[in-house]
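Remarks on the structure that follows.
The values are calculated or read from the model by the stated rules, or taken from the named source; none is laboratory data. Predicted model, so just to flag it, every value in this text is computed and none were measured. Heads up, the Cβs are rebuilt from the backbone with ideal geometry, glycines too, and the neighbour counts pull from every protein chain shown.
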Amino acid sequence: MRTIAEINKAAEHYYFTPQQTGIDNRCRERMIRRCLPYIRPGHVLELGFMDGQWTHHFLAKGCRITVVEGAARNIEFGRSKYANEPRVTLIHSTFEDFASAETFDLIHMGGMLKHLEDPIALLHRSRDWLKPGGILIATTPNARSLHRRVGVYMGLLEDLNGLSATDRNVGNLRHYDLESFRKLLLDGGYSVVEIATAIVKPVSSDKMADWPEDLLDALDQIATELPDYGWYIYAVCRLA
């Protein structure tokens, strides 16, 4: 299990960089929009905060949010950002150490399962945190996305499941595709209501930084036609 010190070190490599706050958040926004119809007012457990991109949408939907985040820098940012928002509570903890006697209407696992040594164990534990009828929204980058395929053909990646230097710096242990992510969630004790991808990324983020919104919208529509090539996987689940 990663320590807080290791999480803090990994967080230095991506969070609050121009790439994360710029093109990646713009692309990720299109994935979030696909999940919004499933969100209802209630209490959300958000495992992983980053910069509050999802939190913003939960608040707009009338939710109360409990955030669990391991990176101290992200926690400090969140506490400053939501200092005057009583509906947001931030807890500095690893996901593995977190425990709760309270149950939630929605659990959000945003791009964090790929960091865990035993993601199935956390999924099993999370079942006790979800109210009857509640939902889990889990997301992760797609190992088979178009830009990773391009990277393989260019010799930048060994194969679609390979870890790049950036992956290792930010603490990624693996990547999932649609099939393996579905299997993970099923093995974790959930039934999958919807699983799909959002936005096709033809090239790496740095080459897309100034692409206009209408082009990103078009690439998001293409992900509906070619889901195996989309950048980000999202899954909406219920207790099995």
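A few remarks follow.
- Of the residues examined, residue 193 is one that is part of a strand (DSSP E or B), over 16 Å from the mean Cα position of the chain (by Cα) and in contact (Cβ under 8 Å) with a residue 40 or more places away in the chain.
- Cβ pairs under 6 Å, 6+ apart, first in region 215-240 and under 21 Å from residue 112 (Cα atoms), second of a type in the set (Lys, Arg) and surrounded by 23 or more Cβ atoms within 10 Å (Cβ to Cβ): 231/201
- Among (1) free of Cβ contacts under 8 Å to residues at least 60 places away in the same chain; (2) buried (at least 17 other Cβ atoms within 10 Å of the Cβ); (3) outside any strand (DSSP E or B), the one test that residue 185 misses: (1)
- Selection from region 23-36 of residues that are surrounded by fewer than 18 Cβ atoms within 10 Å (Cβ to Cβ) and either modelled with pLDDT under 80 or in contact with an Asp or Glu (Cβ under 9 Å, 6 or more places away or on another chain) (or both): 25, 26, 33
- Condition met for residue 68 (surrounded by 21 or more Cβ atoms within 10 Å (Cβ to Cβ), more than 22 Å from residue 141 (Cα to Cα), of a type in the set (A, V, I, L, M) and in contact with a Leu (Cβ under 8 Å, 6 or more places away or on another chain)): no
- Top-ranked residue of region 191-208 - restricted to ones that are among the small types (Gly, Ala, Ser) and modelled with pLDDT of 95 or more, ranked as surrounded by the most Cβ atoms within 10 Å (Cβ to Cβ): 198
Residue by residue, here is whether (1) touching a residue at least 24 places away in the same chain (Cβ under 8 Å); (2) touching a strand residue (DSSP E or B) at 6+ places or on another chain (Cβ under 7 Å); (3) farther than 20 Å from residue 95 by Cβ holds:
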{"position": "1", "(1), (2), (3)": "yes, no, no"}
{"position": "16", "(1), (2), (3)": "yes, no, yes"}
{"position": "31", "(1), (2), (3)": "yes, yes, yes"}
{"position": "47", "(1), (2), (3)": "yes, yes, no"}
{"position": "56", "(1), (2), (3)": "no, no, yes"}
{"position": "65", "(1), (2), (3)": "yes, yes, no"}
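- Qualifying residue in region 26-39 (condition: assigned to a loop (DSSP other than H, G, I, E, B), under 30 Å from residue 200 (Cα atoms) and out of contact with any Gly (no Cβ under 8 Å at 6 or more places or on another chain)): yes
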